[in-house]
Amino acid sequence: MLAIIGGTGLTQLSTLEIVRREVARTPYGEPSGALTFGTLSKKPVVFLARHGYGHTIPPHQVNYRANIWALKQAKVSAIVSVASVGGIRADFSPGALVIPDQIIDYTWGRKSTFFDGGDQPVRHIDFTRPYDEALRQRLLGAAANAGEPVFDGGVYATTQGPRLETAAEINRFERDGADLVGMTGMPEAALARELELPYAAINVVVNCAAGRASSEQGIHFGDIEVVLQEAMVRVHNILEHICKA
Ligand code: HPA
C-alpha cells in the first residue's frame with residue numbers, strides 16, 4: 001500500500017475514496033493527524049496531511065518521527081511526498097513539477113533520527129541517494145502516462161522556516177548546488193530511510209525563490225495560491241496514474 005504525505009495545497013485528496021480514518025499512536029507522540037485509508041484508482045492508499053488537516057502545524061513543528069513511524073506501523077510499502085517549494089534554478093518557475101534526486105539539509109534542532117542513542121546501538125544509514133530511485137522512476141513513468149510534464153532531478157534545499165529566505169541565503173544555496181528550496185523535506189526523507197521505507201517526492205514550484213525573477217521585490221502569497229491550485233490538479237493526475245500502474 002502506497003502512502004501519500006500531502007503538504008501545503010494537499011491537505012486532502014479529493015479523488016480518494018475514503019474507507020476509514022485511524023488515529024495512530026506512536027512511541028514518538030502523535031502524527032500530524034489521523035491516517036486516512038482509502039482507494040485511489042481502485043488501489044489502497046493511505047493519506048496523511050503533513051501540516052494537519054486544518055493546516056496548523058508549521059514545518060519546524062511537524063512531528064516527522066511520529067508521521068513516518070505511523071506509516072510504517074500501517075505497513076505501507078512506500079511513501080510519496082507532495083511538497084511545495086520555491087524555485088532557485090531559472091527554469092524551475094512557478095507551476096513546474098519536479099521529481100528531485102538530491103537533498104541538502106539546512107534545518108536545525110529538529111528530532112531527525114530514530115537512532116537516538118540510549119540503549120540502542122549506533123547506526124548510520126546510507127543516504128548517498130536520499131530518494132528511492134525505483135520509486136522516483138515510478139513517479140516519472142506515472143507523470144509520462146498522465147501526460148504531465150515534470151522535471152527529472154533537482155537538488156532540494158531544506159530550510160528551517162517558517163520564514164522565507166533572504167535573497168543572500170538563496171544565492172548561497174545556489175552556490176551550494178541547490179535548485180529548489182522547501183521546509184519539510186528533512187528529516188522526513190532520512191527517517192523513511194531509517195525505517196527502510198522507499199521515499200520519493202513531487203515538488204510543486206509555487207514561487208520563484210527570494211530575490212529571483214518575479215520574487216525580486218518580495219514573495220506574495222496571493223500569487224502562490226493560484227499556482228498551487230492549478231498545479232494540484234496535475235499532481236492528482238500523477239498520483240492516480242502511479243496507483244493505476
Ligand atoms: N522557500 C522555502 N519554502 C518554500 C518556498 C520558498 O520560497 N516556497 C514554498 N515553500
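Just a few scattered comments:
- Flag for residue 223 being in contact (Cβ under 8 Å) with a residue 12 or more places away in the chain, farther than 20 Å from residue 59 by Cα and open to solvent by 10 Å² or more (accessible area, probe 1.4 Å): yes
- Selection from segment 190-230 of residues that are of a type in the set (S, T, N, Q) and in contact with a strand residue (DSSP E or B) (Cβ under 9 Å, 6 or more places away or on another chain): 203, 207, 214, 215
- Considering segment 1-65, the qualifying strands (runs of 3 or more DSSP E), each wholly inside and each with 2 or more residues that are within 16 Å of the ligand (Cβ to nearest atom) and open to solvent by less than 20 Å² (accessible area, probe 1.4 Å), run over 2-6.
Okay, residues lined up against (1) within 21 Å of residue 12 (Cα to Cα); (2) more than 12 Å from the ligand (Cβ to nearest atom); (3) without any contact (Cβ under 8 Å) to a residue 12 or more places away in the chain:
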residue	(1), (2), (3)
165	no, no, no
171	no, yes, no
178	no, no, no
205	yes, no, no
239	yes, yes, no
244	yes, yes, no
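- Identity of the residue in segment 85-119, small (Gly, Ala, Ser) and modelled with pLDDT of 95 or more, that ends up farthest from residue 49 (Cα to Cα): 90
- Segment 68-118, subset among the polar types (S, T, N, Q) and over 17 Å from the mean Cα position of the chain (by Cα), residue farthest from the ligand (Cβ to nearest atom): 73
- Residue that is nearest to the chain's Cα centre (by Cα), among those in segment 119-142 that are open to solvent by 70 Å² or more (accessible area, probe 1.4 Å) and more than 30 Å from residue 236 (Cα to Cα): 126
The values are calculated or read from the model by the stated rules, or taken from the named source; none is laboratory data. Please read these numbers as outputs of a predicted model, since none were measured by experiment. For neighbour counting, all protein chains shown are included, and Cβ atoms are generated from backbone atoms with ideal geometry for every residue, glycine included. Each accessible area value is taken on the protein alone, full model and side chains, heavy atoms only, with ligands, DNA and RNA left out. Shrake-Rupley method; radii C 1.70, N 1.55, O 1.52, S 1.80 Å.
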